[in-house]
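> Input: one structure, supplied below.
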Amino acid sequence: MDQTISFFSGFTIKDVWFLGEAALRTLWTSVLSISIGTALGVIFGWLLHEGRILAALTLAPVLDIFRSVPLIIQLVLFYNFAPIVGLNLDPFWSGVVILTIYTAALVANVARGGIEAVGRPMRRAARSLGMSYWQDMRHVVLPIGGRAVFPAWVGVALGVMKDSALVSVLGYVELLKASQILITRTQEPFLILSLAGAFYFALSFPISRYAAKLEKRWAQ
Amino acid sequence: MFDYNFHWRPVMKNLPDLLEAGLLTLQVAVLSMVIGIGIGLCLALIRMNRNGVLYWLATAWVELARNTPALFQLFFFGFGIGAFGVHLTPFAIVLAALSFNCAGYLAENFRGGFQAVPETQMRAARSLGMTQWQTYTRIIIPQVFRIVYHPITNQMVWAVLMSSLGMLVGFRELSGETQFFASRTFRIFEYFAVTAVIYYVIVKCILAASRLLAMRLFRY
């Protein structure tokens, strides 16, 4: 009659699969928000550059809010605000929306820096060679300015990848949430957290190293 | 579209508590910055010497801090080291994680700052009869400080924003306190909206203070 129910069970190979799936969700969230956010951010950056006073008074303060409020607060706020205006978003899409705007706010500054990194004389020269405004943008500003701020952009993208872990507060099971669930069950925090940390590290470290190397090479 | 009634009264009633929690946020951020600057300086100096076990330890610290999510670091100090029987209070967890993170990021900034000061200045100062200590405190450090002043300000802002993660380990700083009240009244949106404003004000105050200080410090 010695029946006991065990709440805890050891770490098995199936849990590695569970973690792997969660890691893929982390990746998918980050890729989605980084790519859309970068596209938006470049447009915002261009507006900040071209809009002058108007943009400085309207767009810049709005973007600034997203950089001055903790991401976790933004996520909770948006997740609870969406139903008020009649949007029913699941945690995943709420997370992607906020991460996208957050990325856009960060990339906007980077993009503006890139446009401004191309000297005015160079742009005048391009225009006086008969290039149109967009030709100048495409063939002069993009290669030169893009190169100047590419390492900064990589930094932003990696930052967003790491910050995507915060979507777990909405209940979305990405890598860190999954490891938390496993820790509760297996009671092996050190092993599981190390696995999760190793995944982030393995993703972030080579890319940041590569970006630093590129920066050094381009600086010469 | 708006069939939601905003109730701001409970938030206003708890506003003093929230502001007090804001002070706690500021406290933990400042404390972690002080520790972070101290350790970061050591890490930078160790990494510039490039020898021995210490170099690898310092490099591991810096790369781990920069290439894993802050949330992961928080969980690590929260549950991870629990595996070795070390259990910290929520305040200690947040402080340790923030200091670890700040030290890693600042170390890289400091290293860049030291490298920006030409080595010849050291020799010039020494040949003028200054001791090594005098050279550091009167020639090198003031120049390095000027270079790393802005990164330190940025890191201070990050420390404030990152301390919001404290709510996930039960630390009752601004976010934790907000979550506590919000879950009691179910006025989640209202509470977090006010908290977002408080964070925004804190960040703006830090930036303004830093700018004023810079005007006073870097007059020449």
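Derivation of every value follows stated rules applied to the coordinates shown; laboratory data play no part. From a predicted model like this one, the values you see are computed outputs, not experimental measurements. As a convention, Cβ positions derive from the backbone with ideal geometry for all residues, glycine included, and neighbour counts pool all protein chains shown.
> In debye, nearest 20: dipole of segment A:15-219 around its Cα centre with unit charges on the Cβ of K, R (+) and D, E (-)?
Result for segment A:15-219 is approximately 940 debye, rounded to the nearest 20.
> Let me ask something additional. Long-range amide H contacts for A:Glu174: which residues qualify at under 5 Å (H placed 1.01 Å from N, peptide plane, sequence gap of 5 or more or a different chain)?
Excluding prolines and chain starts, which carry no amide H, there are no hits.
> If you don't mind, there's one more thing I want to ask. Ordered by residue, what ³J(HN,Hα) values in Hz, to whole numbers, does segment A:193-210 give under the Karplus form 6.51 cos²θ - 1.76 cosθ + 1.60, where θ = phi - 60° and Gly and Pro are x?
For segment A:193-210, the Karplus curve yields 5, 5, 4, 4, x, 4, 5, 4, 4, 5, 7, 7, 4, x, 5, 5, 4, 4 Hz.
> Here is a further query. In whole Hz, with x marking every Gly and Pro, tabulate ³J(HN,Hα) for segment B:198-213 from phi via Karplus 6.51 cos²θ - 1.76 cosθ + 1.60, θ = phi - 60°.
Residue by residue, segment B:198-213 yields 4, 4, 4, 5, 4, 4, 5, 4, 4, 5, 5, 4, 5, 5, 4, 4 Hz.
> Same structure again: Decide, for segment B:15-217, between rounded, prolate and oblate: order the square roots of the alpha carbon gyration tensor eigenvalues as a ≥ b ≥ c, take rounded if a/c falls under 1.5, and otherwise choose prolate if a/b is larger than b/c, else oblate.
oblate
> Could you point to the residue in A:Ala196, A:Met161, A:Val149 farthest towards the positive end of segment A:15-219's charge dipole, with +1 and -1 charges on the Cβ of Lys/Arg and Asp/Glu respectively?
Final value for the positive-end residue is A:Val149.
> For chain B, what does the relative contact order come out to in percent, with C-alpha contacts under 8 Å and a separation of six or more?
29
> Charges only on Cβ, +1 for Lys and Arg, -1 for Asp and Glu: so what's the dipole of the protein assembly as shown about the Cα centre, in debye to the nearest 20?
1860
> Please find the FRET efficiency linking A:Ala198 to A:Thr12, where r is the Cβ-Cβ separation and R0 is fixed at 22 Å, and quote it to the nearest 0.05.
0.75
> In degrees from 0 to 90, rounded to the nearest 10, what is the angle of the helix B:9-49 Cα long axis to the longest principal axis of chain B?
For B:9-49 against chain B, the angle is about 20 degrees.
> Let me ask another. Show me the ranking of peptides B:177-183, A:141-147, B:84-90, A:90-96 by mean Cβ neighbours inside 10 Å, starting with the highest.
B:177-183, A:90-96, A:141-147, B:84-90
> Working from Cα positions, state the angle (0 to 90°, nearest 10) between the long axis of helix A:59-68 and the longest principal axis of chain A.
Helix A:59-68 sits at roughly 30 degrees to that axis.
> Please compute the contact order of segment A:101-184 in relative form: average sequence separation of alpha-carbon pairs under 8 Å and at least six residues apart, divided by the residue count, as a percent.
32
> Further question: So how do A:29-37, A:78-86 stack up, highest first, on mean other-Cβ count within 10 Å?
Those peptides, ordered most packed to least, come out A:29-37, A:78-86.
> Summarise the partner chain shielding of A:182-195 as one whole number: the mean count of Cβ atoms from other chains within 10 Å of each residue's Cβ.
Taking all residues of A:182-195 together, the mean is 3.
> Using only the Cα atoms of segment A:87-220, build the gyration tensor, take square roots of its eigenvalues as a ≥ b ≥ c, and label the shape rounded, prolate or oblate: rounded if a/c is under 1.5, else prolate if a/b is larger than b/c, else oblate.
Because a/c hits 1.5 or more and a/b fails to exceed b/c, segment A:87-220 counts as oblate.
> On a 0 to 90° scale, report how tilted helix A:175-186 is relative to the longest principal axis of chain A, with both axes built from alpha carbons and the result rounded to the nearest 10.
10
> Another question, if that's okay. Hey, with R₀ at 30 Å, roughly what FRET efficiency would A:Ala117 and A:Val31 work out to, going by the Cβ-Cβ distance, to 0.05?
Computed FRET efficiency for A:Ala117 and A:Val31 comes out at 0.65.
> Moving on. In peptide A:63-71, how many Cβ atoms from other protein chains are near each Cβ within 10 Å, on average?
6
> If you take every residue apart from A:Gly159 with its C-beta less than 12 Å away from the C-beta of A:Gly159, what net charge results, scoring Lys and Arg +1 and Asp and Glu -1?
+2
> Right, another one. Put +1 on the Cβ of every Lys and Arg and -1 on every Asp and Glu Cβ in segment B:23-179; which of B:Leu95, B:Gly80, B:Gln155 then has its Cα farthest towards the positive end of the dipole?
It is B:Gln155.
> Let me ask something else about it. Please compute the contact order of chain A in relative form: average sequence separation of alpha-carbon pairs under 8 Å and at least six residues apart, divided by the residue count, as a percent.
The value is 31 percent.
> Next question. How far apart, in nm, are two points set 7 Å out from the Cα along the Cα-to-Cβ line at A:Leu57 and at A:Gln220?
Between A:Leu57 and A:Gln220, the simple spin-label model gives 4.9 nm.
> State, to one decimal in nm, how far the label point of A:Glu188 lies from the label point of B:Leu213, with both points 7 Å from Cα in the Cβ direction.
Result: 4.6 nm between the two label points.
> With Cβ to Cβ distances under 15 Å as the rule, what net charge do the other residues near A:Glu50 carry (K, R +1; D, E -1)?
Taking every other residue near A:Glu50 into account, the sum is +3.
> Using the Karplus equation 6.51 cos²θ - 1.76 cosθ + 1.60 (θ = phi - 60°), what ³J(HN,Hα) coupling, rounded to whole Hz, does each residue of segment A:159-166 give in order, writing x for Gly and Pro?
x, 5, 4, 5, 5, 4, 4, 6
> Still on this structure, please answer the following. What dipole magnitude, in Debye to the nearest 20, does segment B:15-217 give about its Cα centre under +1 on Lys/Arg Cβ and -1 on Asp/Glu Cβ?
Roughly 700 debye for segment B:15-217.
> Net charge near B:Leu24: determine it from the other residues with C-beta under 12 Å of the C-beta of B:Leu24, scoring Lys and Arg +1 and Asp and Glu -1.
-3
> Could you tell me the calculated FRET efficiency between B:Glu20 and B:Ser183, based on Cβ-Cβ distance and R0 = 25 angstrom, to the nearest 0.05?
The value I calculate is 0.85.
> Then there's this: Please list B:25-32, A:200-207 highest first by mean number of surrounding beta-carbon atoms within 10 Å per residue.
B:25-32, A:200-207
> What is the average number of partner chain Cβ atoms found within 10 Å of a Cβ in B:198-207?
So the per-residue partner count for this stretch is 3.
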